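A short reminder: the numbers here are calculations on the coordinates, not readings from a lab. Just so you know, these numbers come straight off a predicted model, no measurement behind them. Heads up, the Cβs are rebuilt from the backbone with ideal geometry, glycines too, and the neighbour counts pull from every protein chain shown.
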Amino acid sequence: MSDLLALAYPWTKSLHIISVIAWMAALFYLPRLFVHHTEQAGLSGEKHDLFAMMEFKLANVIMRPAMHATWTFGLLLVFTPGIVDWTAVWPYTKAFCVILMTLFHTWLVIRMKAFQRGENHITGRQYRMMNEVPTVLLIVIVISVVVKF
């Protein structure tokens, strides 16, 4: 099995990077949709329905599959011999941030479902602030993987 993982390494790494990019794009965009939903559409009417549909499709057609692909290809990389130095700090830093990113993803889905029910208690400004969470996590993840401290 380890020989197969080593042979597939360039493909696995490529697919991991592609899925991370798709996941991050959705994690950046969904909170922005929430800002505009909150500030321009309200919780009922045609604009609300349009935003709810856009949020639903982003979360379920792009964000969720991209997260699953990111985790799948990431775990395949972890099990590929010689890729991860478990004596270093970076794999643990990256893993912690990926878990936080997954929790942020889950929070966004919870917020999306609240909007669909016509409920929201968070302001546009708060969504703007939350939009910085994936950026900070991405910075830590990339530095961890590239610098390998």
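Below are the figures for this structure:
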| read-out | value |
| --- | --- |
| Average Cα contact separation per residue, region 18-149, under 8 Å, 6 or more apart, as relative contact order % | 41 percent |
| Label point distance in nm, A25-F79, each placed 7 Å from Cα along Cα→Cβ | 2.9 nm |
| Spherically averaged projected area in nm², based on the convex hull that wraps the Cα atoms of the chain | 9.1 nm² |
| Exposure proxy order (Cβ contacts within 10 Å, fewest to most) of V140, V146 | V146, V140 |
| Separation in nanometres of the label points that stand 7 Å from Cα toward Cβ, at R117 and M53 | 2.3 nm |
| Estimated vicinal HN-Hα couplings, Hz - region 107-119 in sequence order (Karplus 6.51, -1.76, 1.60; Gly, Pro = x) | 4, 4, 5, 4, 5, 4, 5, 5, 4, 4, 7, x, 10 |
